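Everything below concerns the one structure shown next.
The values are calculated or read from the model by the stated rules, or taken from the named source; none is laboratory data. Note that this is a predicted model, so its numbers are computed, not measured. For neighbour counting, all protein chains shown are included, and Cβ atoms are generated from backbone atoms with ideal geometry for every residue, glycine included. Ligands, DNA and RNA are stripped out before the accessible areas are found, and what is left, the full protein with its side chains, is counted by its heavy atoms. Shrake-Rupley method; radii C 1.70, N 1.55, O 1.52, S 1.80 Å.
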Amino acid sequence: MGTGSDGLKALLCGKGGSGKSTLTALIARSLSDRGCNVLVIDNDESNFGLHRQMGLELPDDLLNFLGGKKNLVEKMMEAFPKGEKLTLFDHKWEIPTIPEAYVSRKGNLSLMAVGKIHEFGEGCACPMGALAKQLIQNIDIGKDDFVLVDTEAGIEHFGRGVEEGCDILFMVVDPSYESIRLSEKISELADNAGKQLYYILNRAEGAGKEILCCGIPDDRVISTVPIHESVFKAGLLGDEFQASVPEVDLIADFLVGLKSK
C-alpha cells in the first residue's frame, strides 16, 4: 500500500464535532515522534484551531498560490463547460519542496491549509474541494512520509472526489446517533470509491462505548479513544498538544504497519 515510494496518505472524516482535527493533530505528533515526515493538509474551511493544536503558525491559504478563490472559480468555469480537465499544478511537489509561503514547518512536521472562509458572502467552498483533490494527488511522498488530510464535516468531500488520492480512510465516530447513521453512508461511499475504511471511536466510554460497538463493525475499529483531560484542556485553551495518548499511538502503529506492506 502507499503512493510514491511506499509513503502513505490517510484521510480523516466524520460529523462535525466528532474530533477529527484533534485526532489528526495527535496522530501527526505520534508519527513525527517516530521520526516520520508528516504533512497535515487542513481541508476544513471553517476550522481555525488545528495549527494551534500542532504548535504551528497558520500558513497562507493555498488558494492564494493560484491567485485566490475568485481566480480559481474562473478557471473552473472555463474548463468544465468545455469538458476540459482542470489542471492546477504543472509539476509534482515533494514535502520539502512545497512553496514556503504555503506551509508551516517544525522539524519533521508540516501543515498546509487549502483555504478558509474569511469574508461574509464570499461564496461556497467548491473551489477548495477541487484544489484539495488535486493537491493530494500532486504530493509525491517517500518511504518515511505520511500525509494526513483533515476534512470538513459531513460527506461533501466524497462528492468532490477528495478521497481519490488517498490510500486509506478513517472515520471518527463519537457517541451520537448521528455518527452511527453517518457511518453507514460513509461506508457505502468508501466502497464506491474503492477505498479501505476504518473507524476510530472517539470519546467512547461506558454506555456510549457499548452502543457504538454494537453499531460499528468491530473488525474495522482501529482504536477506541476515551476522554483525556490533558487533551481536552489543551484544545480548549488553544495550546499545543504535548501529551502522549496510548490509544492514538495504536493508530500510528497501524499506519506504520500498513506502509511497510
Quiz item: If the limit is 21 Å between Cα atoms, which of K75/K195; K9/K92; K92/K133; K92/K143 go over it?
Solution: K75/K195
Quiz item: In percent, what relative contact order does the chain have, based on Cα pairs under 8 Å that are 6 or more apart in sequence?
Solution: 31
Quiz item: Using a 1.4 Å probe, how large is the accessible area of E78, given in Å² and rounded to the nearest 10?
Solution: 110
Practice problem: Calculate the length of the line joining the C-alpha centroid of the range 174-220 to that of the range 1-74, in whole Å. | Solution: 22
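Using the Kirkwood formula on the Cα atoms of the range 139-261, what hydrodynamic radius do you get, in angstrom to one decimal?
Values: mean 1/r = 0.0629 Å⁻¹.
This gives a value of 15.9 Å.
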Exercise. Grab the Cα-Cα distance for K143 and E156, subtract it from 0.36 nm times how many residues apart they are, and report the gain in nm with one decimal.
Key: 1.6 nm
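Only Lys, Arg, Asp and Glu count, each charged at its Cβ (+1, +1, -1, -1), so figure out the dipole size of the chain about its Cα centre, rounded to 20 debye. All intermediate terms of the calculation are to be shown ahead of the outcome.
Details: 27 positive and 40 negative charges, 40 e Å.
Roughly 200 debye, rounded to the nearest 20.
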Practice problem: Report the antiparallel proportion of the DSSP beta bridges in the chain as a percent, rounded to a multiple of 5. | Solution: 10
Quiz item: Got a sec? Which residues in the range 149-192 would a label at C214 touch, if it sits 7 Å along Cα→Cβ and we count backbone N under 18 Å?
Solution: 174-184
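With +1 assigned to the C-beta of every Lys and Arg and -1 to the C-beta of every Asp and Glu, and no other charges, what is the dipole magnitude of the range 1-59 about the Cα centre in debye, to the nearest 20? Numbers along the way, then the final one.
On the way: 6 positive and 6 negative charges, 39 e Å.
Charge dipole of the range 1-59: 180 debye, to the nearest 20.
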Quiz prompt | Choice from F146, F241, F48 with maximal GNM fluctuation in the chain (Cα, 10 Å cutoff) | solution = F48
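Sorting H157, H91 by accessible area (1.4 Å probe), largest first, what list results? Walk me through the numbers on the way to the answer.
Numbers: H157 0, H91 105 Å².
Listed by decreasing accessible area, they come as H91, H157.
In whole percent, what relative contact order does the range 100-233 give with Cα contacts below 8 Å and a gap of six or more residues? Working shown, then result.
Details: 129 pairs, mean separation 23.3, N = 134.
For the range 100-233, the relative contact order is 17 percent.
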Quiz item: For the chain, modelled as a Gaussian network with Cα springs under 10 Å, which listed residue fluctuates most, C166, C214, C36?
Solution: C214
Quiz prompt | Pair D191, S230: separation of 7 Å Cα→Cβ label points (nm) | solution = 4.1
Exercise. Taking 7 Å along the Cα-to-C-beta vector as the label spot, tell me the N64-D90 distance in nanometres, rounded to one decimal.
Key: 2.2
Self-check item: Selected from L212, G55, C126, residue furthest toward positive end of dipole (the chain; charges at beta carbon)
Solution: C126
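Which whole-number percent is the relative contact order of the range 1-55 (Cα, under 8 Å, 6+ apart)? Don't jump to the answer; show the numbers that get you there.
Numbers: 23 pairs, mean separation 14.3, N = 55.
RCO, the range 1-55: 26 percent.
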Self-check item: Enclosed volume per residue, in Å³, of the convex hull spanned by Cα atoms of the chain
Solution: 130
